[in-house]
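Asker: Would you mind keeping the following structure in view while I ask a few things?
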Amino acid sequence: MQTNEIIEKAEEFCKKHNLTGYPVKIVDLCLAEDIQVFERYLPEEVSGFIVIQEEVFDGYGTGRLIVVNLADSPRRRRFTIAHELAHYILHKDENLSYYAHRDAGQNGGDEKEANLFASNVLMPHTFVNECVERLGEPPQYLLIDYVADKFAVSKDAAQVRLSQLFPKICRCGRKSRRFRCSLRRRRMTSLSRFSFGSPSDRGTCPPVRSG
Ligand SMILES: [Zn+2]
């Protein structure tokens, strides 16, 4: 998919959900797409995953869910939720079950697309412009901190977004962590074999209601 196409899809998505302010309520956007979000401790290398299938996913009470690792910071969790939601919007196939998880490693094509979509949804350009205009021309590091705080994203995510929107004032100097995400699409058969924690643990995990 072309970069412009992904940006357009992200803008359409924001328009559809009528985003009115920031930090963007990413959990509410998932709920609006009928996807529940859960936060729980996952293996260290896993940031989160998404499951879309007809039947209930083992222990969660739904077959449409995103789970994020509680061990990650709240800002990082927000990005993971947006990234998983991006897979749903960009890469889903109505006839196939869908599973993806995000962990430390290298970015593939779908991963870059999901990151770009996530970044555009969490930091829509009109809001970022507004924010930057308000601040005038501060030193680069202040701008990154300011945008990271206002949009509740990590400094790495803020820097990447600023460098896309304002390449002259914000060059990508920081080395950001790279992520790999495994994608699996399959016919409507159970995906519940992908186990992260035991089902009995999951029973005690309520969905996130808003945010
Ligand atoms: Zn991914």
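The values are calculated or read from the model by the stated rules, or taken from the named source; none is laboratory data. This is a predicted model, so every value here is computed, not measured. Note that we place each Cβ from the backbone using ideal geometry, even for glycine, and neighbour counts take in every protein chain shown.
Asker: So is residue 119 free of Cβ contacts under 8 Å to residues at least 12 places away in the same chain and surrounded by 16 or more Cβ atoms within 10 Å (Cβ to Cβ) or not?
Answerer: no
Asker: Determine which member of the set 142, 42 is more than 20 Å from residue 24 (Cβ to Cβ), part of a helix (DSSP H, G or I) and away from the ligand (no atom under 11 Å from the Cβ).
Answerer: 142
Asker: Looking only at region 3-20, decide whether some residue is surrounded by 14 or more Cβ atoms within 10 Å (Cβ to Cβ), modelled with pLDDT under 95 and closer than 24 Å to residue 130 by Cα.
Answerer: yes
Asker: Can you spot a residue in region 157-172 that is within 16 Å of the ligand (Cβ to nearest atom) and either surrounded by fewer than 13 Cβ atoms within 10 Å (Cβ to Cβ) or at pLDDT 90 or above (or both)?
Answerer: Yes: one or more hits.
Asker: Could you identify the single residue in 75, 64 that is under 14 Å from residue 29 (Cβ atoms), out of contact with any His (no Cβ under 9 Å at 6 or more places or on another chain) and in contact (Cβ under 8 Å) with a residue 12 or more places away in the chain?
Answerer: Of 75, 64, the one residue that is under 14 Å from residue 29 (Cβ atoms), out of contact with any His (no Cβ under 9 Å at 6 or more places or on another chain) and in contact (Cβ under 8 Å) with a residue 12 or more places away in the chain is 64.
Asker: Just wondering, is there one or more residues in region 77-94 that are away from the ligand (no atom under 11 Å from the Cβ) and touching a Lys or Arg at 6+ places or on another chain (Cβ under 8 Å)?
Answerer: Within region 77-94 (the criterion being away from the ligand (no atom under 11 Å from the Cβ) and touching a Lys or Arg at 6+ places or on another chain (Cβ under 8 Å)), the answer is yes, since at least one residue qualifies.
Asker: Residues that are without any contact (Cβ under 8 Å) to a residue 60 or more places away in the chain, within 18 Å of residue 153 (Cβ to Cβ) and within 12 Å of the ligand (Cβ to nearest atom): does region 97-106 have at least one?
Answerer: No: zero hits.
Asker: Another question, if that's okay. Can you pull out every residue in region 122-139 that is surrounded by 14 or more Cβ atoms within 10 Å (Cβ to Cβ) and either within 16 Å of the ligand (Cβ to nearest atom) or assigned to a helix (DSSP H, G or I) (or both)?
Answerer: If the condition is that a residue be surrounded by 14 or more Cβ atoms within 10 Å (Cβ to Cβ) and either within 16 Å of the ligand (Cβ to nearest atom) or assigned to a helix (DSSP H, G or I) (or both), then 122, 125, 127, 128, 131, 132 are the ones that fit.
Asker: So, one more: Can you tell me which of (1) under 15 Å from residue 37 (Cα atoms); (2) part of a strand (DSSP E or B) is the one residue 76 doesn't meet?
Answerer: Failing condition for residue 76: (2).
Asker: Limited to region 14-35, what total is found for residues that are closer than 21 Å to residue 158 by Cβ and over 17 Å from the mean Cα position of the chain (by Cα)?
Answerer: The total comes to 2.
Asker: Separate question: Just to be sure, is residue 39 touching an Asp or Glu at 6+ places or on another chain (Cβ under 7 Å) and at pLDDT below 95?
Answerer: Spelling it out, it is not the case that residue 39 is touching an Asp or Glu at 6+ places or on another chain (Cβ under 7 Å) and at pLDDT below 95.
Asker: If you take the residues of region 69-94 that are closer than 16 Å to residue 51 by Cβ and more than 10 Å from the chain's Cα centre (by Cα), which of them is surrounded by the fewest Cβ atoms within 10 Å (Cβ to Cβ)?
Answerer: The selected residue is 94.
Asker: Something else about it: Would you point out which residue out of 11, 39 is closer than 19 Å to residue 123 by Cβ and either of a type in the set (A, V, I, L, M) or over 12 Å from the mean Cα position of the chain (by Cα) (or both)?
Answerer: Result: 11 is the single residue among 11, 39 that is closer than 19 Å to residue 123 by Cβ and either of a type in the set (A, V, I, L, M) or over 12 Å from the mean Cα position of the chain (by Cα) (or both).
Asker: Residue 30 passes all but one of (1) crowded, with 17+ Cβ neighbours inside 10 Å; (2) touching a residue at least 60 places away in the same chain (Cβ under 8 Å); (3) closer than 19 Å to residue 151 by Cβ; which number fails?
Answerer: (2)
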